[in-house]
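The values are calculated or read from the model by the stated rules, or taken from the named source; none is laboratory data. As the structure is a prediction and not an experimental result, all values here were calculated from the model. Cβ: placed from backbone, ideal geometry, glycine included. Neighbour counts: every protein chain shown. Surface areas here come from the heavy atoms of the whole protein model, side chains and all, with no ligands, DNA or RNA. Shrake-Rupley method; radii C 1.70, N 1.55, O 1.52, S 1.80 Å.
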Amino acid sequence: MRYDWIFFDLDNTLMDFTEASKLAFSSAFQTLGLREEEGHYAIYENYNHQVWLDFEENRIDGITLRRKRFDDFMLAVGIKGIGGLEFNRIYLEFLVEHSFMLDGAIPLLDDLKKNFSLAIITNGFKEVQRPRLDRLKITDYFSAIVVSDEIGVSKPDAAFFDIAMSACSFPSKDRILVVGDSLNSDMKGGVNYGLDTCWCNLKKLPNHSDILPMYEIHRLDQLHELLD
Ligand SMILES: [Mg+2]
């Protein structure tokens, strides 16, 4: 075996964040008594993407991230009378409720846990990341769970990986594989930290970045091939 540890990103690597988020957004609209229109979610996603980039580059803090993504969206579409933090709170409650694994993720974990130590390294909110793992009953697969919002640093920051290493009792760096869907956080963070990386590119997106993951897979089960 080339590795002892697999460091998994969570969202859109093991869990279907895309679908869960759309459903949580719609549920929040209903709860708030608002009418969701075609295109609302895409507009929200644009703002959300931008504030996450700002957050990962340390330009804004976590409260601003939670508030601003919904404030910017509501300003753009003319929704008034609701605070961004309130919208965010309701959205996050539904995000936990609408938790799904990606196809093949549970069989993959069942198989890998026989031969590897598994860890979660996730950029996400403390209100939801562990509750989502618990809801899907997958917490026990992982020897370590590192949530950016709990520790105050995010991938790709080296300080995030320092804490992940500590949580795993400092395995040798060359015995760790980082698996994730994001070039900017998972792959960049892993490469810069000197870890082997596998880009979980399920949507077969082109790589226009200067980040070069060691491996690339298009289906979760392809991970077996590079771990044998
Ligand atoms: Mg992800």
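Results for (1) out of contact with any helix residue (DSSP H, G or I) (no Cβ under 8 Å at 6 or more places or on another chain); (2) open to solvent by less than 30 Å² (accessible area, probe 1.4 Å); (3) assigned to a helix (DSSP H, G or I), shown as yes or no for each residue.
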{"site": "Arg2", "(1), (2), (3)": "no, no, no"}
{"site": "Ile6", "(1), (2), (3)": "no, yes, no"}
{"site": "Leu23", "(1), (2), (3)": "no, no, yes"}
{"site": "Ser27", "(1), (2), (3)": "no, yes, yes"}
{"site": "Arg35", "(1), (2), (3)": "no, no, no"}
{"site": "Ala42", "(1), (2), (3)": "yes, no, yes"}
{"site": "Tyr47", "(1), (2), (3)": "no, no, yes"}
{"site": "Leu53", "(1), (2), (3)": "no, no, yes"}
Inset, instruction - Just name the residue that is surrounded by the fewest Cβ atoms within 10 Å (Cβ to Cβ) out of those in the stretch 59-85 that are among the β-branched types (Val, Ile, Thr) and more than 15 Å from Ala28 (Cα to Cα). - result: Ile63
Legend entry - Asn58 vs. criteria within 21 Å of the chain's Cα centre (by Cα), away from the ligand (no atom under 16 Å from the Cβ) and not in a helix (DSSP H, G or I): yes
Inset, instruction - Can you give me the number of residues within the stretch 106-120 that are open to solvent by 60 Å² or more (accessible area, probe 1.4 Å) and of a type in the set (Gly, Ala, Ser)? - result: 0
Inset, instruction - Confirm whether Asn48 is at positive phi, within 16 Å of the ligand (Cβ to nearest atom) and either in the same structural domain as Lys204 (by TED's automatic domain parsing) or in contact (Cβ under 8 Å) with a residue 12 or more places away in the chain (or both). - result: no
Inset, instruction - Please verify whether the stretch 37-44 includes one or more residues that are within 16 Å of the ligand (Cβ to nearest atom) and outside the structural domain of Gly190 (by TED's automatic domain parsing). - result: no
Inset, instruction - Sort out for me the helices (runs of 4 or more DSSP H) sitting completely within the stretch 144-205 that have 1 or more residues that are within 18 Å of the chain's Cα centre (by Cα) and without any contact (Cβ under 8 Å) to a residue 12 or more places away in the chain. - result: 158-167
Inset, instruction - List the number of the failed condition for Gly180; all other conditions in (1) in contact with a Phe, Trp or Tyr (Cβ under 6 Å, 6 or more places away or on another chain); (2) open to solvent by less than 50 Å² (accessible area, probe 1.4 Å) hold. - result: (1)
Inset, instruction - With the condition kept exactly as written, say whether any residue in the stretch 171-191 is more than 13 Å from the ligand (Cβ to nearest atom), of a type outside the set (A, V, I, L, M), in contact with a helix residue (DSSP H, G or I) (Cβ under 7 Å, 6 or more places away or on another chain) and within 24 Å of Val51 (Cα to Cα). - result: no
Inset, instruction - Kindly list, by first and then second residue, each pair from a residue in the stretch 2-19 that is hydrophobic (A, V, I, L, M, F, W, C) to a residue that is within 9 Å of the ligand (Cβ to nearest atom) and not in a loop (DSSP other than H, G, I, E, B), limited to pairs with Cβ atoms under 6 Å and residues at least 6 apart or on different chains. - result: Leu10/Thr122; Phe17/Asp11
